[in-house]
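**Student:** Okay, here's the structure, questions in a sec.
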Amino acid sequence: MMWNSITQVIVFLSLAGPGILGNTLIFVRHIGMPPLRTEKRPIDFIFIHLAFSNTIIICSTGIKDVATMFYFRNFLGDIGCKAVVYLIRMARGLTICTTCLLSVVQAVTISPRTAFWTKIKPQTECQVLPFILVFWIVNVLISSNLLSYIKAGSGLNSSVTATFIGHCYMRQSSHIIKWLFLSLMTLRDVIFQSLMGWSSGSMALHLYKHHKRVLYIYSSRSANNSAPEIRATWSVLTLMACFLFFYWLDFILSFYKGFTLTHESILLNIKTFLELGYASFSPYVLISRDIHIPHALHIC
C-alpha cells in the first residue's frame, strides 16, 4: 500500500508541478502584457480563463488526492469534500466550454471576410465576457447536485449506499435527480463538442485551401500576412486534439470502472493522469507552437 501511495504521489507531482507552472506562464503573459499595448485582443481573456480553470482542476484534484493517498481522515470534512469535488466537476465543465469558445473564435477569425463573419467576430473583451458568464452559470447549476450528496468518508453511515470518490463519498440520489443532471451534463458535452467539431473542420478546410493558395502566391504580401494566423490555427487544432484525447480516454476509463466496480491502483494512477493531463499539457501546447500566438489573433 505504501508503494501505491508513493506511485500516486509521483504521478500527481509530475503533472501538477509543470501544470501549475505552464498555466501560470499563460496567465501572466496574457494578463500582464495587454496594458503595454494599444490593440484590443479579446482572445487574451479566453486564454486567461482557460488557464484559471485548469489551475482550479489541478489544485482541487491535488487536495483530494493528498487526502486519499495519505489517509488523512480528518483532512477534509463534509464542507471540504463538497467544495473540492464540486470545484473539480465545475472546472472540468468550464474547460470544455472555454476550449470550445477558443476554437470557435479562432475559426471565425480566419474565416473569409464576408459581412456575416465580420458581424459576429468579437471586437473587444466585453463581447467575450457574456459567454464566460453563461459558462459559469451553466456549470454552477449542472454541478449543484453534488452539494447535497457529497459526504466525507469519516462521516458516512456504513448502512448508506454510496460511490467512492477519493477520500469522499457520493450518496445515492433519486433516479429522477440522477438522470436529470446526467442528461444536462451529456447535453452540455454534446453541444460543445459538436461546436468544436464544426470549428475544427472549418479550420482544417481553411488550412487546406491556404496550402493550395500559397503555392502560387507565396511571395505576395497576402501570403506573408497569413502566416501568423496559420500558426495560431495549427495551435488551436492541436489543442482540440489534446482535449479530445484526454476527454474520451477518461470517459472510457470511468465507464469501465463504474461497470466493473474495480479500484486497482494502476487504474487510479491512469485516471489521475487523464484527469490532470489536459489541464497540465494544454498550456505547453500553446507555448510550444508559438509563444506569440496572441499577436496573430488581434482584431483589426
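Where a number appears in this text, it was derived from the coordinates with a stated rule and is not lab data. Quantities reported herein were computed from a predicted structural model and do not represent experimental measurements. Backbone-built Cβ (ideal geometry, glycine too); neighbour counts: all protein chains shown.
**Student:** Hey, fewest Cβ within 10 Å first, where do S111, S53, S200, S14 land in order? Show your work: numbers first, answer last.
**Tutor:** Numbers: S111 17, S53 24, S200 21, S14 13.
Ordered from fewest to most neighbouring Cβ atoms within 10 Å, S111, S53, S200, S14 come out as S14, S111, S200, S53.
**Student:** What nm value, rounded to one decimal, do you get for the distance between L205 and L182 when each label is placed 7 Å out toward the C-beta?
**Tutor:** Reported label-point gap for L205 and L182 is 3.6 nm.
**Student:** What does the highest-first list of 131-137, 104-110 look like by mean Cβ count within 10 Å? Present the calculation step by step, with values, prior to reporting the outcome.
**Tutor:** Details: 131-137: 15.3, 104-110: 22.0.
Descending mean neighbour count gives 104-110, 131-137.
**Student:** Once R0 is set to 51 Å, what does the formula 1/(1 + (r/R0)^6) return for the Cβ-Cβ distance between H175 and R231, expressed as a FRET efficiency to the nearest 0.05? If you can, show how the numbers build up before the last one.
**Tutor:** Values: r = 50 Å, r/R0 = 0.98.
Taking R0 as 51 Å, the efficiency between H175 and R231 is 0.55.
**Student:** Determine ³J(HN,Hα), in whole Hz, for all residues of the range 274-283 in sequence, where each value follows from phi through the Karplus function 6.51 cos²θ - 1.76 cosθ + 1.60 and θ = phi - 60°; x replaces Gly and Pro.
**Tutor:** So the Karplus estimates, Gly and Pro as x, are 6, 5, 9, x, 5, 4, 8, 8, 4, x Hz.
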